[in-house]
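Worksheet: one structure, shown below.
The values are calculated or read from the model by the stated rules, or taken from the named source; none is laboratory data. Being a predicted model, the structure only gives us computed values, none of them experimental. Note that each Cβ is placed from the backbone with ideal geometry, even for glycine, and that neighbours are counted across all protein chains shown.
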Amino acid sequence: MAEDQTPAQDEAPTAPPMGVRILAQFVRDLSFENPLAPQSLSGDISALKIDRQIELNIRGREDALFEVDLKLTASATRESEVAFHAEIVYGGLFAIDGVAQEDLEPILAIECPRYLFPFARHIISSMTADGGFPPLRLDPIDFASVYMARRTEADRMAAEGQLA
């Protein structure tokens, strides 16, 4: 006689698995300016002063997904003249499942940009090389340290606001 192989009816339903899923990655905006070409391509490349900036924009959506935009900007100047200006806004669409509400902000501000950064970095490197300059290789970013510094500053500002 064969035994019934059906699962027990009283098993507890399983919780959705925890995780971050990248549903899409995309270039939202891309710009490279080389206003003084071809003169900007001559001269001592090592004399270029490079200014780098990073911005992060996080938006929740009505469909429970999240959009994260990583904006990288790099400007090179030589003797107060702009040699090049490169900018990318690289975005991702993320689904985040099984995460407690208090853990959502760090995941969005640390893990999501960590996934996006290598792709945006590669595009900046290619743009500068295609613009006639040596490829600009941005240093890795410690998004956890950036997040913690911003949280500490926000907490300090909130405390000062309460004391005033």
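The table below gives the values:
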{"item": "The range 55-73: number of residues that are loosely packed, with under 11 Cβ neighbours inside 10 Å and among the hydrophobic types (A, V, I, L, M, F, W, C)", "result": "1"}
{"item": "Test: residue in the range 3-18 that is in contact with a Cys (Cβ under 8 Å, 6 or more places away or on another chain) and either of a type in the set (Asp, Glu) or modelled with pLDDT of 95 or more (or both)", "result": "no"}
{"item": "Test: residue in the range 82-105 that is free of Cβ contacts under 8 Å to residues at least 60 places away in the same chain, more than 30 Å from Ile22 (Cα to Cα) and either buried (at least 16 other Cβ atoms within 10 Å of the Cβ) or polar (S, T, N, Q) (or both)", "result": "yes"}
{"item": "Condition check for Arg78: within 30 Å of Gly132 (Cβ to Cβ) and in contact with a strand residue (DSSP E or B) (Cβ under 8 Å, 6 or more places away or on another chain)", "result": "yes"}
{"item": "Residue tally, condition in a helix (DSSP H, G or I) and either in contact (Cβ under 8 Å) with a residue 40 or more places away in the chain or exposed (fewer than 13 other Cβ atoms within 10 Å of the Cβ) (or both), over the range 124-142", "result": "5"}
{"item": "All strands (runs of 3 or more DSSP E) inside the range 35-116 with 2 or more residues being over 18 Å from Asp139 (Cα atoms) and of a type in the set (Phe, Trp, Tyr)", "result": "81-97"}
{"item": "Single unsatisfied condition, Arg52 versus (1) over 26 Å from Val146 (Cα atoms); (2) surrounded by 11 or more Cβ atoms within 10 Å (Cβ to Cβ)", "result": "(1)"}
